[in-house]
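A short worksheet on the structure shown next.
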Amino acid sequence: MPRGFPPLLDPADRHVAERFSYGVDARLADEVRAAGGGRAWFEQQLSGLVLESPRALAVATWFPELDLPAPLVRSMQEQGQRTVRETADELIARTFALRTLTRRHVHETMVDFWTNLLYVPAGEGRSWPWRADYDRVVRQHALGTFADLLRATVTHPAMTGYLTNDLNRKGALNENLGREVLELHTVGREAGYSEREVVASSKLLTGFTLDTTTTFRAGYDPERHATGRVRVLDFTHRNADADGRPALDAYLEHLALHPSTARRLAKRLAVRFVSDDPPRGLVREVAKAYRRSGSDIPTTLRALVDHPAFRRARWEKTRNPSDDVVHMARVLGLQPSGATDGSAFIWYLVRQAAAQGQVSFRWPTPDGWPEHGAGYLSASRVLRAWRSRYDVSGTAGPVLLSVDVPSKASQLPDQWPLTLAQVVDHQSQLLLGRAADKPLVRAVARTLDVPATTELAGPDDLSDQHYRLLRGTVLNAPRGLQR
Amino acid sequence: MSDPTTAAHDDCGCRDFTTTRRTALALGAGAVTAMVGDVLTHTVYGAQPRGNVLVVLSLRGGADGLSLVVPHAEKAYYDARPTTAIPKDRLLHTDSTFGLHPALAPLGPLWTKKRLAAAHAVGLPAPNRSHFEAMEVLEDADPGSDARIGWLNRFVGQLRGDSILEGVQVGSNVLPTSLVGPRPTVALESPSSISTPFAGSERGDAVARGLAQMYGDGRSRVHRAGREALELARLGGRYSEAAALPPQHSASYPGSALGTSLRRTAALIRAGVGVRAVAVDSGSWDHHQNLRGNINTRAGDLASSLAAFFTDLGPDWRRVTVVTLSEFGRRLPENGAAGVDHGYGSAVLVAGGGVRGGRYHSRWPTLRDGRLESGDLTVTTDYRHLLMEILQARFPGVDAHRVFPQAGYRRRLGVMR
């Protein structure tokens, strides 16, 4: 093959952006270069000073009813103006749209990570009117400290409803949330707490109220708070006041800063952002940074990205279906422009993630979707991913509605003539971030039923159908599922 | 391609297998499809000799065994559950100790025909009241090893069949822990779109060859998944066809997720694609509140889905054994929300081929003070021993001790013939 096309980004720079965005498209590559490289771009992203793209800001207007106060959402549902399912689906579609259009990549990625840790499904019966507000709260704290994030989420009405903490009261404890705060949200089972300590944890959480039968109004009632000394791990408190919230704050702060929490979060971050089986040394370093900074999220992430094991883990992660459909849209330059009805492209992405078996916020239990990538590589999922590429890789089609599709010429090289093999190489750099290998070139030639040596004079020499098949096949290379 | 349905069943020499065995067709099933077309597909495959099937139905959340199979002779049960205990006169198929929850009524015919049994005080070897850890322990079932390999994967691995569909999760595209491991297994959310792009056209053939080229030799997990996908595409059509037909024998499934999954499981079994182990999930068995209403709904759904499943299977029921599993039972006493929190021992239902049905099997520990585990029903039958008993009865060629390496020996409960 003649000299290939240069990569969009240096591999090390690309690696940071691959892991902390939903797909490196030409625009993001420009941003990384303008920032002075992957690490500098990452720092810029952590600063919170990145201006959001106008397109992402406009997404808020697509779903005007999503952010109404929970009791109002509930009354609309009672009057038949809105269903639980709609409310859940809109939150999912909005999230997918933001992931596709955002310029605040690291923020969006971390919102996803924390949402999956402090997990409340969308459309769950006891929490649904509050779920969009829960999303707002996670967004607010996603790059702050975990201590603040934990307090804001554990005491949020969505969590209260989901893990039945409204039923947890003086004289009639309900251990649901008290247990999961320990097991899932903070220290984990390895911390070795007893069933008595689960009870103490539940006791600290009493007092919150939520009317899940009619209004969905939330509050706090000191009458329902169980007072009395508590001990959980190395935390003790007199818990003597009728209002238990200060005691609870102290408890959650203690849990957030606990070494077991540091280890557990470090491991989970490493599984998400480094590899399914991350090196222990990296996990240790990340945990140390977390503890020393008092659970500061940017400091923790810096330790992860700066560790040599992070740099060595290029292309080791596979994308889950929700990440993959957004990635597909991003690298193909598809920008959703609205969600007027079910035919809109953004809804196609949600349906496609569902067909492939994994939609954010639709995991049924409080542990969130598994962070391991390899678990999503079921044969059926792979078949559906392969099929979906060709739905979206052309210039037009039944699923390409309410979406801006880039022109063919804008996605192809400037300089012609080129052989088919060279065009494949160009597309491979653009869509996969690597040069085309021989099996890929052969697969494209076979699919188009023309020799790889065929010379093309310009974009118009590639029919729309061939353009679609070429791009779909490039994305179907094994690398297309990796990051 | 060799016909996967003609391999991997000779390790089953059991009675039920031979009764359904008919004259094997000399042709591979694929060739038959090509010759006779879709119309006859079902009947033709229906005549294929096939082996026994194990269906593991996971009741996710921690099913309350004390409500499903009620120990009505225990005063302690009625004392601990003032608002949620089921009165004895409402129970079905009572013996001197136990009775079935009234919502299980659709299973009555199976019970009467002795195709359904219940086991009690079954569970993990040690209490674990965490959903996630208990489920992981239950499905990995190899406490001596750090490798994340599930027991169904070890089981299917021993069958040495060549069908990618030998071990299947129906109803989700994500593999449960029980199926994860070195033997390729498949999670199938639905029977649609199980084919390569443009399948059935000339273009489709070219695309499939291109994919085979790209995924052919690589050793990464993604390459392996691609090869499995190509293999699945070769069999998927038969499953899709079987699933497109209405249920057989006038079976009527509820529209629930479980009903849908079991309807698809029946189609998968009928399709003759070499399936031997199926994992099916039923969710929402976490009864922290409103036990009474929750168990009514869940048990009703379970019973009507399972009843329809066995009706649908027709004579094939003899080669299919269903077992329900849950990560733990519930607390004996009610909590403040008329619910029950996480407990320990639970009940298991076993139905279908090889079952000594119409009776309760238990080394019942009672609910007396000294016999409880932290106040809850204890476990006298390690779930692994129950599963080993099923495997030994239904898959004599499989070494159950290699499926559950650390389980050791224990006298059989007698659930299986």
Residues that are at the interface with chain A (Cβ under 7 Å from one of its Cβ atoms), of a type in the set (S, T, N, Q) and within 29 Å of residue A:438 (Cβ to Cβ), drawn from region B:186-216:
B:195, B:196, B:213
Looking at (1) among the charged types (D, E, K, R); (2) more than 13 Å from chain B (Cβ to nearest Cβ); (3) surrounded by 18 or more Cβ atoms within 10 Å (Cβ to Cβ); (4) over 29 Å from residue A:21 (Cα atoms), find the lone condition where residue A:425 falls short.
(4)
Among (1) away from chain B (no Cβ under 14 Å); (2) part of a loop (DSSP other than H, G, I, E, B), where does residue A:394 come up short?
(1)
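Just to verify a result, which residue in region A:175-196, among those that are hydrophobic (A, V, I, L, M, F, W, C) and part of a helix (DSSP H, G or I), is nearest to residue A:208 (Cα to Cα)?
In the first step, residues of region A:175-196 are kept if they are hydrophobic (A, V, I, L, M, F, W, C); the result is A:177, A:181-182, A:184, A:187, A:191.
Adding the requirement that they be part of a helix (DSSP H, G or I) leaves A:177, A:181-182, A:184, A:191.
On the way: A:177: 12, A:181: 15, A:182: 18, A:184: 20, A:191: 26 Å.
Ranking the qualifying residues of region A:175-196, first place goes to A:177.
Please find, among B:183, B:227, the residue that is more than 7 Å from chain A (Cβ to nearest Cβ), in a helix (DSSP H, G or I) and either of a type outside the set (A, V, I, L, M) or touching a helix residue (DSSP H, G or I) at 6+ places or on another chain (Cβ under 6 Å) (or both).
Values: B:183 fails: in a helix (DSSP H, G or I).
Of the residues listed, the single one that is more than 7 Å from chain A (Cβ to nearest Cβ), in a helix (DSSP H, G or I) and either of a type outside the set (A, V, I, L, M) or touching a helix residue (DSSP H, G or I) at 6+ places or on another chain (Cβ under 6 Å) (or both) is B:227.
Looking at A:165, A:176, can you tell me which residue is within 13 Å of chain B (Cβ to nearest Cβ), buried (at least 23 other Cβ atoms within 10 Å of the Cβ), out of contact with any Phe, Trp or Tyr (no Cβ under 8 Å at 6 or more places or on another chain) and not basic (Lys, Arg)? Don't jump to the end; show me each part of the working.
Numbers: A:165 fails: out of contact with any Phe, Trp or Tyr (no Cβ under 8 Å at 6 or more places or on another chain).
Exactly one of A:165, A:176 is within 13 Å of chain B (Cβ to nearest Cβ), buried (at least 23 other Cβ atoms within 10 Å of the Cβ), out of contact with any Phe, Trp or Tyr (no Cβ under 8 Å at 6 or more places or on another chain) and not basic (Lys, Arg), namely A:176.
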What do you reckon, is residue A:129 over 12 Å from residue A:208 (Cβ atoms) and assigned to a loop (DSSP other than H, G, I, E, B)?
no
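Which of the following residues is free of Cβ contacts under 8 Å to residues at least 40 places away in the same chain and either touching a Pro at 6+ places or on another chain (Cβ under 6 Å) or not small (Gly, Ala, Ser) (or both): B:186, B:174, B:168, B:156?
Working: B:186 fails: free of Cβ contacts under 8 Å to residues at least 40 places away in the same chain; B:168 fails: free of Cβ contacts under 8 Å to residues at least 40 places away in the same chain; B:156 fails: free of Cβ contacts under 8 Å to residues at least 40 places away in the same chain.
Checking each option against the conditions leaves just B:174.
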Flagged pairs (Cβ under 6 angstrom, 6 or more apart or on separate chains; first in region A:162-187, without any contact (Cβ under 8 Å) to a residue 60 or more places away in the chain; second small (Gly, Ala, Ser) and part of a helix (DSSP H, G or I)) are A:168/A:202; A:173/A:202; A:175/A:202; A:178/A:201; A:178/A:202
Looking at residue B:126 and the list (1) within 14 Å of another protein chain (Cβ to nearest Cβ); (2) under 19 Å from the mean Cα position of the chain (by Cα), which single condition is not satisfied?
(2)
Name, by its number, the condition in (1) under 16 Å from residue A:470 (Cα atoms); (2) touching a helix residue (DSSP H, G or I) at 6+ places or on another chain (Cβ under 9 Å) that does not hold for residue A:422.
(2)
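Hey, among A:155, A:145, which residue is touching a strand residue (DSSP E or B) at 6+ places or on another chain (Cβ under 9 Å), of a type outside the set (A, V, I, L, M, F, W, C), under 20 Å from residue A:212 (Cα atoms) and at pLDDT 95 or above? Break it down stepwise before answering.
Numbers: A:145 fails: under 20 Å from residue A:212 (Cα atoms).
Residue meeting the stated conditions: A:155.
For every residue, the table says whether it meets (1) in contact with an Asp or Glu (Cβ under 9 Å, 6 or more places away or on another chain); (2) crowded, with 18+ Cβ neighbours inside 10 Å; (3) of a type in the set (S, T, N, Q).
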{"position": "A:278", "(1), (2), (3)": "no, yes, no"}
{"position": "A:284", "(1), (2), (3)": "no, no, no"}
{"position": "A:301", "(1), (2), (3)": "no, yes, no"}
{"position": "A:314", "(1), (2), (3)": "yes, no, no"}
{"position": "A:318", "(1), (2), (3)": "yes, yes, yes"}
{"position": "A:337", "(1), (2), (3)": "yes, yes, yes"}
Does region B:238-247 contain at least one residue that is closer than 21 Å to residue B:178 by Cα and in a loop (DSSP other than H, G, I, E, B)?
no
Could you grab me the full set of residues in region A:433-483 that are among the basic types (Lys, Arg), facing another protein chain (nearest Cβ under 10 Å) and touching a helix residue (DSSP H, G or I) at 6+ places or on another chain (Cβ under 8 Å)?
A:442, A:446, A:479
Restricting to region B:196-209, give me the number of residues that are part of a loop (DSSP other than H, G, I, E, B) and surrounded by 21 or more Cβ atoms within 10 Å (Cβ to Cβ).
2
Under 7 Å between Cβ atoms, at least 6 apart or on separate chains: pull out the pairs that start in region B:323-349 with a residue that is within 9 Å of another protein chain (Cβ to nearest Cβ) and of a type in the set (Asp, Glu) and end on any residue that is crowded, with 23+ Cβ neighbours inside 10 Å and not in a loop (DSSP other than H, G, I, E, B).
B:341/B:330
Condition (residue is among the β-branched types (Val, Ile, Thr), in a loop (DSSP other than H, G, I, E, B) and more than 10 Å from chain B (Cβ to nearest Cβ)) applied to region A:300-312: is it met by at least one residue?
no
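Report the residue count in region B:76-101 for those that are part of a helix (DSSP H, G or I) and either buried (at least 17 other Cβ atoms within 10 Å of the Cβ) or at pLDDT below 95 (or both). Spell out the reasoning first.
Initially, region B:76-101 is screened for residues part of a helix (DSSP H, G or I), giving B:76-80, B:88-90.
Going one step further and asking which of them are either buried (at least 17 other Cβ atoms within 10 Å of the Cβ) or at pLDDT below 95 (or both), we end up with B:76-77, B:80.
Number satisfying all stated conditions: 3.
Okay, residues lined up against (1) at pLDDT below 95; (2) assigned to a loop (DSSP other than H, G, I, E, B); (3) more than 30 Å from residue A:43 (Cβ to Cβ):
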site: A:324; (1), (2), (3): no, no, no
site: A:328; (1), (2), (3): no, no, no
site: A:347; (1), (2), (3): no, no, yes
site: A:362; (1), (2), (3): yes, yes, yes
site: A:381; (1), (2), (3): yes, no, yes
site: A:385; (1), (2), (3): no, no, yes
Can you confirm whether region A:401-414 contains a residue that is touching a strand residue (DSSP E or B) at 6+ places or on another chain (Cβ under 8 Å), on the phi > 0 side of the Ramachandran plot and either surrounded by fewer than 20 Cβ atoms within 10 Å (Cβ to Cβ) or in contact (Cβ under 8 Å) with a residue 40 or more places away in the chain (or both)?
yes
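Residue-wise test of (1) within 14 Å of another protein chain (Cβ to nearest Cβ); (2) under 16 Å from the mean Cα position of the chain (by Cα); (3) part of a helix (DSSP H, G or I).
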residue	(1), (2), (3)
B:117	no, yes, no
B:120	no, no, no
B:135	yes, yes, yes
B:142	no, no, no
B:145	no, no, no
B:148	yes, no, no
B:156	no, yes, yes
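For (1) more than 21 Å from the chain's Cα centre (by Cα); (2) at negative phi; (3) not in a helix (DSSP H, G or I), each residue gets a yes or a no:
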| residue | (1), (2), (3) |
| --- | --- |
| A:40 | yes, yes, no |
| A:45 | no, yes, no |
| A:49 | no, yes, yes |
| A:67 | no, yes, yes |
| A:73 | yes, yes, no |
| A:82 | yes, yes, yes |
| A:95 | no, yes, no |
| A:99 | no, yes, no |
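I need the full set of residues from region A:375-385 which are facing chain B (nearest Cβ under 7 Å) and under 22 Å from the mean Cα position of the chain (by Cα), in order please. Break it down into steps so the answer makes sense when it comes.
Step one: list which residues in region A:375-385 are facing chain B (nearest Cβ under 7 Å), which gives A:375-384.
Scanning region A:375-385 gives A:375, A:376, A:377, A:378, A:381, A:382, A:384.
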State whether one or more residues within region B:210-230 are of a type in the set (Lys, Arg), under 18 Å from residue B:163 (Cα atoms) and surrounded by fewer than 19 Cβ atoms within 10 Å (Cβ to Cβ).
yes
Quick check on this structure: which one of B:196, B:177 is more than 25 Å from residue B:51 (Cβ to Cβ) and β-branched (Val, Ile, Thr)?
B:196
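The values are calculated or read from the model by the stated rules, or taken from the named source; none is laboratory data. It should be emphasised that the depicted structure is a prediction, and the values quoted were computed from it without experimental measurement. Virtual Cβ from ideal backbone geometry, glycine too; neighbours counted across all protein chains shown.
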